[in-house]
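What follows is a short report on a single structure.
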Amino acid sequence: MNIRTNRLSRHRTVVLSLYLFCGICYAIAQGTDTLGIVIERATGKVLLVNIIQRASIGEFEGLGDLSHASAVFSRDERYAYVFGRDGGLTKLDLLSGGIASRVVQAGNSIGGAISQNGRFVATSNYEPGGIRIFDADTLKLVADIPATYGSETDPLLSKVVGLVDAPGQRFIASLYDAGEIWVIDIQNPLQPSIRKYHNVGKQPYDALITPDGRYYIAGLYGENGLAVLDLLNPDAGVRRILNSYGRGEKELPVYKMPHLEGWALASNYLFVPAVGHHAVHVIDIGRWEESARIRTLGQPVFAIARPDGRQVVLHMEFTPGGEEVWVSVRDDDRVDIYNTGTFEKVASIFADKPSGIFFTARAHKIGL
């Protein structure tokens, strides 16, 4: 009787082991190109979604304050790095559905980027002001770069915004309080070299890098205009453009600042949410002049371009092929999915106060 029981127990163990093994094989076999994440900002959770199935397939918990969260993906698209407002940096394993690693690296953080070769992850911090660089595999701190400015005898620390990755193993960031742009070369990550551009404008608040990796463009909160750095001609310095936009108009109170990299490039035109105005500015980057202005019902926060550049919308995310657009409907706790050809709603997914939507296949940039 004992022998029979032991045999049955072993049989069940083998069956269960095979079942678990097959489950793991299935998880690893699925393509990460079909996956994405949705930030649930009110609960500190992140949904794992499948684009093809139009469904939520998992959830990550315990990510802290996600009220201004952003994310980037590893080169193989298996991992997502989520930057929380409370300084939390969390590495999510999209295949296993678990948290691979997590560190709380600052008191107040505003986003981050992953290096060109995928080996390093950088964070931009309000408190303490500065940039920290981590090993992408282990999240071990590699370099700590305080955003100091002012006199050597009485240095100040600046909030850092607009952190992006650039060709040549570089990160670029804007210093909000200092009015500076820094280009950080990490070819030797233990001793990064920094090139600083001073007096770029008052209070740079947001920035992007064009998909070809050539231009870094920072918006200015403290005055009209944009600051442009040509990375193919860095010795020319930072150029100021659109210094007169918004003049003659009453500036409105700003309740929601445009987000990091929340601008869109479609064809040869840059779509920039206006600060303090109900408009999106359309800039011809061949001439660096405003060519049009799109009036909106409120102050825009995002401008997102469909992959083929045929449509530009606000606060949404397109699927990699541009055939659908996913929309956060935060007040109703759901994400709506629309066909971009017919504008028909094709599906909805429950999400608790959703905000940012990030797809793995949209993470790649031309030329980077």
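Here are the numbers for the structure shown:
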item: Answer residue from the stretch 309-321, given it is surrounded by fewer than 17 Cβ atoms within 10 Å (Cβ to Cβ) and within 19 Å of Ile51 (Cβ to Cβ) and is modelled with the lowest pLDDT among those; result: Gln311
item: Residue match in the stretch 158-173 (condition: part of a strand (DSSP E or B), surrounded by fewer than 15 Cβ atoms within 10 Å (Cβ to Cβ) and not polar (S, T, N, Q)); result: no
item: Total residues in the stretch 140-156, condition in contact with a Pro (Cβ under 6 Å, 6 or more places away or on another chain) and over 20 Å from Ala113 (Cα atoms); result: 1
item: Restricting the stretch 141-155 to residues that are at pLDDT 95 or above and farther than 17 Å from Gln187 by Cα, the residue that is surrounded by the most Cβ atoms within 10 Å (Cβ to Cβ); result: Ala147
item: Among (1) buried (at least 17 other Cβ atoms within 10 Å of the Cβ); (2) more than 14 Å from Ala207 (Cβ to Cβ); (3) at pLDDT below 80, the one test that Val275 misses; result: (2)
item: Condition broken by Leu94, with the remaining ones in (1) touching a Lys or Arg at 6+ places or on another chain (Cβ under 9 Å); (2) crowded, with 22+ Cβ neighbours inside 10 Å; (3) closer than 22 Å to Pro192 by Cα; (4) touching a residue at least 40 places away in the same chain (Cβ under 8 Å) satisfied; result: (3)
item: Complete set of residues in the stretch 117-129 that are surrounded by fewer than 20 Cβ atoms within 10 Å (Cβ to Cβ) and not in a strand (DSSP E or B); result: Asn117, Gly118, Arg119, Pro128
item: Residue in the stretch 256-263 that is out of contact with any Leu (no Cβ under 7 Å at 6 or more places or on another chain) and either more than 30 Å from Glu61 (Cβ to Cβ) or at pLDDT 85 or above (or both) present; result: no
item: Qualifying residue in the stretch 291-304 (condition: more than 30 Å from Arg240 (Cβ to Cβ) and under 21 Å from the mean Cα position of the chain (by Cα)); result: no
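Per-residue answers, yes or no, for (1) of a type in the set (Asp, Glu); (2) in contact with a strand residue (DSSP E or B) (Cβ under 6 Å, 6 or more places away or on another chain):
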site	(1), (2)
Glu77	yes, no
Asp86	yes, no
Ser96	no, no
Ala100	no, yes
Ser109	no, yes
Gly118	no, no
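The values are calculated or read from the model by the stated rules, or taken from the named source; none is laboratory data. Given the structure is predicted, the values throughout are model-derived calculations rather than measurements. Heads up, the Cβs are rebuilt from the backbone with ideal geometry, glycines too, and the neighbour counts pull from every protein chain shown.
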